[in-house]
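Working notes, beginning with the structure itself.
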Amino acid sequence: MMSVSPGSVTEVAEIGSNGTDTNPSAAGTSEFVSVAKNDDLTSNLIGLDVYNNAEQNIGQIKDVAFGPLGHPQAYILSVGGFLGLGDHYVAVNPSDVTVVYNDSDKKWHATTNATSDQLKAAPEFKYNGRWNASHS
């Protein structure tokens, strides 16, 4: 299980009942874990609109790129298009996007200091190689 938040990822693995590692086949259920209510999920991020400081919608989180240790390396934002036409993707450092859950309206919100023009001028991220070709 992986918990993702803007600057961190937490991996959880179940430990045997006596506090020691167990053989998964011997334990029978060691591949299952409990997820805490306050853990963040990538499904909360994908499709989330991103707003600038002027509260203008400037893009949408389309994907999350993870590094070799499972840490988020980039949020892939779709920017510059209208109704899915003319979009291009940019990879943004997760530390430059603030994602919070607002208890009052029961919604997730994402903001960045970047402007729409900065995102449009950023180097384009292209899906290739082992990445999901359906995004290209």
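The values are calculated or read from the model by the stated rules, or taken from the named source; none is laboratory data. Because the structure is predicted, anything quoted here is derived from the model rather than measured. Cβ atoms come from the backbone with ideal geometry, glycine included; neighbour counts cover every protein chain shown.
For the structure I just gave you, tell me whether Ser8 is surrounded by fewer than 17 Cβ atoms within 10 Å (Cβ to Cβ), farther than 16 Å from Lys120 by Cα and at pLDDT 90 or above.
Working: surrounded by fewer than 17 Cβ atoms within 10 Å (Cβ to Cβ): yes; farther than 16 Å from Lys120 by Cα: yes; at pLDDT 90 or above: no.
No, not satisfied.
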**Prompt:** Only one of (1) touching a Leu at 6+ places or on another chain (Cβ under 7 Å); (2) outside any strand (DSSP E or B) is not met by Gly59, so which one is it?
**Reply:** (2)
**Asked** Taking region 60-88, which residues are at pLDDT 90 or above, within 18 Å of Ser116 (Cα to Cα), in contact with a Ser or Thr (Cβ under 6 Å, 6 or more places away or on another chain) and not basic (Lys, Arg)?
**Response** Gln60
**Message:** Looking only at residues that are surrounded by 13 or more Cβ atoms within 10 Å (Cβ to Cβ) and among the hydroxyl-bearing types (Ser, Thr, Tyr) in region 16-59, which one is modelled with the highest pLDDT?
**Reply:** Tyr51
